[in-house]
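Novice: One structure coming up, written as structure tokens, with questions to follow.
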Amino acid sequence: MKVVPTTLQGVLLLEPQVFGDDRGFFLESYNRRTFAGLGIDEEFVQDNHSFSIGNTLRGLHYQVRQPQGKLVRAIVGAVLDVAVDLRRHSATFGRTETFLLSDVNKHMIWMPAGFGHGFRVVSETAHVTYKSTGFYSFADERTIAWDDPDLKIDWRLDGPPILSQKDRLGVRFRDAEVFE
């Protein structure tokens, strides 16, 4: 597993070793020992899988009292994946970074608890999976506006994104609950 540093404290871009031949490929998407050796010694409690059509934008989501670390990858298609640091005492608080995750590059993103997360589908469709260190809690879920002017995220839009009602109602970053 190759680890590529990012500009966000604690966020890692992971490039798994891929073994391919004329039949296809094999990769190890998670191995507890390997990840512990990378400093990701977390207990994952939930696996999630989303399917979205092109230009769907999901996010920016996080949970306040039951925060979740996430290991994210696109298994079909491609997404622009965004992490935003919501940890007030972090050196990278309020900063964002965008990553291209796809079935071609097979990259994964590890973002520890304390980050907001979102993605936009840049292919015709996409399947995204992520392992989570915390269970989903509707009462604790929060959404920051995907188009917040203070965050200045470049979603590389070529038209209006497809949004859920929840994502249309996201709050401004400056008004969001954050982690102390």
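The values are calculated or read from the model by the stated rules, or taken from the named source; none is laboratory data. Quick caveat: nothing in here was measured; it's all calculated off a predicted structure. No Cβ is skipped: glycine too gets one built from the backbone with ideal geometry, and neighbour counts run over all protein chains shown.
Novice: Being aromatic (F, W, Y), touching a Leu at 6+ places or on another chain (Cβ under 8 Å) and surrounded by 12 or more Cβ atoms within 10 Å (Cβ to Cβ) narrows it down to one of F19, F44, so name that one.
Specialist: Answer to the check: F44.
Novice: Would you mention how many residues in segment 9-24 are free of Cβ contacts under 8 Å to residues at least 40 places away in the same chain and of a type in the set (D, E)?
Specialist: Result for segment 9-24: 2.
Novice: If you check G94, G118, which single one turns out to be touching a residue at least 24 places away in the same chain (Cβ under 8 Å) and surrounded by 18 or more Cβ atoms within 10 Å (Cβ to Cβ)? Give the derivation first.
Specialist: Details: G94 fails: surrounded by 18 or more Cβ atoms within 10 Å (Cβ to Cβ).
Residue meeting the stated conditions: G118.
Novice: Within segment 80-87, does at least one residue satisfy the condition of being in a loop (DSSP other than H, G, I, E, B), closer than 20 Å to G10 by Cα and among the aliphatic types (A, V, I, L, M)?
Specialist: Checking segment 80-87: at least one residue is in a loop (DSSP other than H, G, I, E, B), closer than 20 Å to G10 by Cα and among the aliphatic types (A, V, I, L, M).
Novice: For segment 138-152, state whether one or more residues are touching a Leu at 6+ places or on another chain (Cβ under 6 Å) and either among the hydrophobic types (A, V, I, L, M, F, W, C) or free of Cβ contacts under 8 Å to residues at least 12 places away in the same chain (or both). First the steps, then the outcome.
Specialist: Step one: list which residues in segment 138-152 are touching a Leu at 6+ places or on another chain (Cβ under 6 Å), which gives 144, 146.
Those still in the list that are either among the hydrophobic types (A, V, I, L, M, F, W, C) or free of Cβ contacts under 8 Å to residues at least 12 places away in the same chain (or both) too: 144, 146.
Scanning segment 138-152, I find at least one residue that is touching a Leu at 6+ places or on another chain (Cβ under 6 Å) and either among the hydrophobic types (A, V, I, L, M, F, W, C) or free of Cβ contacts under 8 Å to residues at least 12 places away in the same chain (or both), so the answer is yes.
Novice: Can you confirm whether N105 is surrounded by fewer than 19 Cβ atoms within 10 Å (Cβ to Cβ) and either basic (K, R) or not in a strand (DSSP E or B) (or both)?
Specialist: yes
Novice: Please determine, by comparing only the residues of segment 69-79 that are under 11 Å from the mean Cα position of the chain (by Cα) and surrounded by 21 or more Cβ atoms within 10 Å (Cβ to Cβ), which one is farthest from Y130 (Cα to Cα).
Specialist: Filtering first and then ranking leaves V79.
Novice: Still on this structure: For segment 108-127, which residues satisfy the criterion of being β-branched (V, I, T) and either part of a loop (DSSP other than H, G, I, E, B) or at pLDDT below 95 (or both)?
Specialist: The first filter runs over segment 108-127 and keeps only residues β-branched (V, I, T), leaving 109, 121-122, 125.
Selection gives V122 alone.
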